[in-house]
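To start, the structure itself, in structure tokens.
The values are calculated or read from the model by the stated rules, or taken from the named source; none is laboratory data. Small disclaimer: the values here were computed from a predicted structure and weren't measured. Here the Cβ is made from the backbone with ideal geometry for all residues, glycine too, and neighbour counts use every protein chain on show. Ligands, DNA and RNA are excluded from the accessible area calculation, which covers all protein heavy atoms including side chains. Shrake-Rupley method; radii C 1.70, N 1.55, O 1.52, S 1.80 Å.
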Amino acid sequence: MDEIPATDTDRPDAGVRLRSATAQDAGFLTAILLEAFNWDRPRFTLDEILRTPRHAHYVTGWPSPGDFGVVAEDATGRPVGAAWARRFPATDPGYGFVDPHVPELTVGVLPGHRGRGVGGALLDEVVRTASREGVDRLSLGVEDGNPAARLYVSRGFVTVGREGESDTMLLRLAGAAS
Ligand SMILES: CC(C)(COP(=O)(O)OP(=O)(O)OC[C@H]1O[C@@H](n2cnc3c(N)ncnc32)[C@H](O)[C@@H]1OP(=O)(O)O)[C@@H](O)C(=O)NCCC(=O)NCCS
């Protein structure tokens, strides 16, 4: 995927540069995956995530064909957040699985960088990337009580199902065929 040039984000106060996620970001995406699984309290160690296929599959072999993502960097070039999407087969579904054609999103911002618009900017950019890639829907799973749900609703995601103690949310991309 081409590098996204430095751009202003929709929330200029986010103060980050957004760029495409590359193979070199696999370790950072894994760190963000850990944040997403531990959104309310420490539940898993990195090792536990990586040893659990249903958790690790969000980053295993990153990037696979069809994967796409965005990284937010601070002024020093350090990554502070990421949003990425990949598809899963019905035999190995993610927690926000809708169908094998619908990429599932993972979003996270490092503690200390939250609440300043970075998550919103990442979400907006990954949705733009999805549109460019011809994707017509994006899904995600969000656990009950996670305030991230408000962010998703603000961007047009709607709840379409349940998986355990999570809502499955879906965004239909404007302008997409179907
Ligand atoms: C969810 C997350 C990515 C949002 O990133 P962020 O940079 O903090 O988000 P923003 O500053 O862009 O805020 C956007 C909206 O998120 C919502 N929100 C997300 N987390 C929130 C929190 N802890 N408290 C209050 N609002 C929150 C709010 O609606 C906010 O909108 P507002 O500022 O207009 O009220 C970030 O909080 C995070 O990494 N959380 C831990 C990992 C996680 O839960 N990932 C999602 C798993 S489904």
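Can you go through 92, 2 and tell me which one is more than 10 Å from the ligand (Cβ to nearest atom), at pLDDT 95 or above and either open to solvent by less than 60 Å² (accessible area, probe 1.4 Å) or not hydroxyl-bearing (Ser, Thr, Tyr) (or both)? Result: 92 is the single residue among 92, 2 that is more than 10 Å from the ligand (Cβ to nearest atom), at pLDDT 95 or above and either open to solvent by less than 60 Å² (accessible area, probe 1.4 Å) or not hydroxyl-bearing (Ser, Thr, Tyr) (or both).
Within segment 131-154, can you find the residues that are exposed (fewer than 15 other Cβ atoms within 10 Å of the Cβ), touching a residue at least 24 places away in the same chain (Cβ under 8 Å) and within 11 Å of the ligand (Cβ to nearest atom)? Correct list: 145, 154.
Only a single item in (1) more than 10 Å from the ligand (Cβ to nearest atom); (2) hydrophobic (A, V, I, L, M, F, W, C); (3) at pLDDT 95 or above is not met by residue 110, and it is number (1). The lone criterion from (1) closer than 21 Å to residue 27 by Cβ; (2) among the charged types (D, E, K, R); (3) touching a Ser or Thr at 6+ places or on another chain (Cβ under 6 Å) left unmet by residue 136 is number (1).
Could you run through segment 66-80 and say how many residues are of a type outside the set (Asp, Glu) and more than 15 Å from residue 127 (Cα to Cα)? First the steps, then the outcome.
We begin by selecting, within segment 66-80, every residue of a type outside the set (Asp, Glu); these are 66, 68-72, 75-80.
Subsequent filtering for residues that are more than 15 Å from residue 127 (Cα to Cα) retains 75-80.
Selection size over segment 66-80: 6.
Quick one: would you say residue 33 is on the phi < 0 side of the Ramachandran plot, open to solvent by 40 Å² or more (accessible area, probe 1.4 Å) and not β-branched (Val, Ile, Thr)? Judged against the criteria, residue 33 is not a match. Might you check whether a residue that is assigned to a helix (DSSP H, G or I), more than 8 Å from the ligand (Cβ to nearest atom) and at negative phi occurs anywhere in segment 115-124? Yes, segment 115-124 contains a residue that is assigned to a helix (DSSP H, G or I), more than 8 Å from the ligand (Cβ to nearest atom) and at negative phi.
If you filter segment 116-130 down to residues that are out of contact with any Ser or Thr (no Cβ under 9 Å at 6 or more places or on another chain) and farther than 18 Å from residue 142 by Cα, you find that the one that is surrounded by the most Cβ atoms within 10 Å (Cβ to Cβ) is 130.
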